[in-house]
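Q: The structure is given below, and queries will be raised subsequently.
The values are calculated or read from the model by the stated rules, or taken from the named source; none is laboratory data. Since the structure is predicted, the reported quantities are computational estimates derived from the model, not experimental observations. We place every Cβ from the backbone using ideal geometry, glycine too, and count neighbours over all the protein chains shown. Remember, those area values only see protein heavy atoms, side chains included, never the ligands or the DNA or RNA. Shrake-Rupley method; radii C 1.70, N 1.55, O 1.52, S 1.80 Å.
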Amino acid sequence: MVDGMLRATARRAAARCLSAGRARSAGPPPGPTFGRPEDRLRVDRAAPCDRAPNKEGFTLIELLVALAVFSLAALALLNLSAGNTRSAARVETRTLGGIVAENLAVETMIAPAVSEGTTTGRTPLAGRPWTWTRTVVPTEDPDLLRIHITVNDPEGQAAERTIFRSRTRP
């Protein structure tokens with residue numbers, strides 16, 4: 001009777017191991033055993049059946065590696081986003097500075113007379129202060145003047161324009 005109980009217990013353990021993928025078969029499937037003992041189901045002693053080998057999920061190392069990869073990707077995207085924001089701010093500054101320079105160029109072109117020398121001033125645009133410098137110098141042609149306009153915002157130079165006009169407006 002004890003032998004029968006041992007066989008039943010061994011069969012249940014073998015069935016658990018088979019379902020867990022830990023047993024190897026050297027003969028017929030589990031059930032009533034016939035023949036020699038070596039033809040029976042043998043359980044791998046190196047891998048106990050008490051632990052489930054095919055656990056679903058990830059190990060801690062796998063999670064840490066995935067978190068590190070995700071963190072690096074997120075940092076790269078944040079850096080790219082910050083670069084785009086800085087670039088957009090520079091484009092806005094250059095565009096507004098260019099508008100101020102163009103306005104000064106138009107004022108200079110429609111003025112009845114322009115005196116040689118350097119003139120500076122401040123112009124507000126889009127809620128920001130813009131300082132400008134207009135330099136009028138003669139050219140090799142006595143009838144032409146070269147007018148160089150530089151526009152700065154508080155952070156530095158934003159735009160510059162160079163135009164030519166006649167000394168006297170026709």
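Q: Taking the full set of protein chains and a 1.4 angstrom probe, give the accessible area of GLU92 in square angstrom, rounded to the nearest 10.
A: 100 Å²
Q: Kindly write out, for region 137-150 in residue order, the coupling ³J(HN,Hα) from the Karplus curve 6.51 cos²θ - 1.76 cosθ + 1.60 (θ = phi - 60°), rounded to whole Hz, with x marking Gly and Pro.
A: 10, x, 10, 5, 7, x, 8, 10, 10, 9, 10, 10, 10, 10
Q: Something else about it: What is the set of long-range amide H partners of LEU125 at a cut-off below 5 Å, with H atoms built 1.01 Å from backbone N?
A: Those lying under 5 Å, H to H, from LEU125 are TRP130.
Q: Related question: Which value in nm describes the separation of the simple spin-label points at LEU78 and ARG94, placed 7 Å from the Cα toward the beta carbon?
A: The two pseudo-label positions are separated by 2.8 nm.
Q: Not counting ligands, DNA or RNA, and with a 1.4 Å probe, what is ILE110's accessible surface area in Å² rounded to the nearest 10?
A: Result for ILE110: roughly 110 Å² accessible.
Q: Taking 0.36 nm per residue of sequence separation and subtracting the Cα-Cα distance, how much length would be gained by fully extending the chain between SER71 and THR133, in nm to one decimal?
A: Separation in residues times 0.36 nm, less the Cα-Cα distance, equals 17.5 nm.
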